[in-house]
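Colleague: Let me begin by handing over the structure; questions about it come next.
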Amino acid sequence: MSKIKKEVITDNYALYNGDCYEVMKTLPANSIDLSVYSPPFAKESGGLYQYSSDERDLSNCESRDLFMQQYEFMVAEISRITKPGRITAVHCTDIMNSRTESLNDFPHEIIKIHEKYGFEYKNRITIWKEPMKVRLRTMVKSLMHVSLIEDATSVFPAMPDYLLLFKKSGECEVPVTHEGGFKEYFGEIPMLPHMIKGDSDSDEFLELSTKTFQYYQKKYAHFEGDHKENILSHIIFRRYMSSVWDDVRIDNVLPFQDSKEQDDEKHVHPLQLDVIDRVVALYSNPGEVVLTPFMGVGSEVYSPVSLGRKAIGIELKDSYFKQAILNVKDAEKRFNEKKPLELDLK
């Protein structure tokens, strides 16, 4: 009997309502060009991120050890179906025990498991979060101003998110190329005071302001020349290569409120499209296949499809799956409907 409850398959994406481990077992080896996802958390977090009451939901594992054992099965499948030399990106954070507010280094455990299954750990990007917004979302005492007044030893910075980048061992048969460089930026205006003009060997600097950046966005939107002449691409590249992304738009997410149910986690918030868009644009070619084993409301399918890729999304929770169908339906129209910048290029 099939473990897939429902599925929606089109020319550009395949959505599966079922257990990600069972679905991935049906996929051919070395068939995925890129994967990007946010894993769930165990009950150790005090129920702060309990996604559903389903016994197959990883967030219902009673202990950290059991959670990591189940998660390891999933990583083994990701390794099997990922093409050699290609990338998997894992969005995560430290796990906070909601009772004690102590932290478990979840990223470290993710790294060790991926290394066990043939992935090379390449880097970690820190995604900055505004402390007050984190406080309002999680209600942790360590971010209360009154705690500073009463006893500063109980005050600690807001936890950032992390994007862990892994590369599967082996030779990449089809390189990911960017002819002409980048022409689209995903995020707020870059927070960089100076940029090197032209190639990296140049000693000519220019001031980067909102107006000049928008000017470059329009000027190079359809650039077809030598990448060395694409100033916009050099700016974007330096920003994406920063180890800290402080310009991710926290509310640039797909609709999700209608998919919430009574047994949902207390603080649901889909992964920001800026993060997914950057990963997809950096590490995949148009037409290639992007996988997300924890699809949620469809963000990691919507992004690649809107960027001209194909995508496979797997989601266990019925209400999230239904919302993902609605969200992904018009992904191809995403950038066609974007209004052009109204700037004077003279």
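Colleague: Looking at this model, which pairs from K5/K317; K133/K211; K129/K168; K167/K317; K25/K112; K133/K322 are more than 19 angstrom apart at the alpha-carbon? The partial results should precede the final answer.
Modeller: Numbers: K5/K317 10 Å; K133/K211 28 Å; K129/K168 30 Å; K167/K317 29 Å; K25/K112 22 Å; K133/K322 28 Å.
Going by Cα-Cα distance, K133/K211; K129/K168; K167/K317; K25/K112; K133/K322 fall outside the 19 Å limit.
Colleague: Any chance you could get the radius of gyration and Dmax over the Cα atoms of region 110-184, in Å?
Modeller: Both quantities, over Cα of region 110-184: 19.8, 59 Å.
Colleague: Oh, and also: Along the principal axes of its C-alpha atoms, what lengths does region 74-145 span, in descending order and rounded to whole Å?
Modeller: For region 74-145, the Cα spread along each principal axis is 49, 22, 16 Å.
Colleague: Could you tally the net charge around F119, taking each other residue with its Cβ under 11 Å from the Cβ of F119, Lys/Arg +1 and Asp/Glu -1?
Modeller: Numbers: positive: R86, K112, K116, K122, K167, K168; negative: E115, E120.
Neighbour charge sum, excluding F119 itself: +4.
Colleague: Let me ask something else about it. What nm value, rounded to one decimal, do you get for the distance between T212 and E115 when each label is placed 7 Å out toward the C-beta?
Modeller: 4.2
Colleague: May I pose another question? Which far-off residues, 5 or more places away or on another chain, put their amide H under 5 Å from the one on K6, with H placed in the peptide plane?
Modeller: Here N17 satisfy the definition.
Colleague: Just how large is the dipole of region 98-137 about the Cα centre, in debye to the nearest 20, putting +1 at every Lys and Arg Cβ and -1 at every Asp and Glu Cβ? Numbers along the way, then the final one.
Modeller: On the way: 9 positive and 6 negative charges, 46 e Å.
That gives region 98-137 a dipole magnitude of about 220 debye.
Colleague: Moving on to the next point. Only loop residues by DSSP count here, and only those with at most 12 other Cβ atoms within 10 Å; note down the trypsin sites (Lys or Arg not before Pro) in region 69-165 that meet that.
Modeller: Details: sites: R80, R86, R99, K112, K116, K122, R124, K129, K133, R135, R137, K141; in loops: R99, K129.
Loop-located and lightly packed - R99.
Here, each number is a calculation from the coordinates, and none is a lab measurement. Everything quoted here is computed from the prediction, not taken from an experiment. A quick note on method: Cβ atoms are made from the backbone with ideal geometry, for glycine too, and the neighbour counts reach across all protein chains shown.
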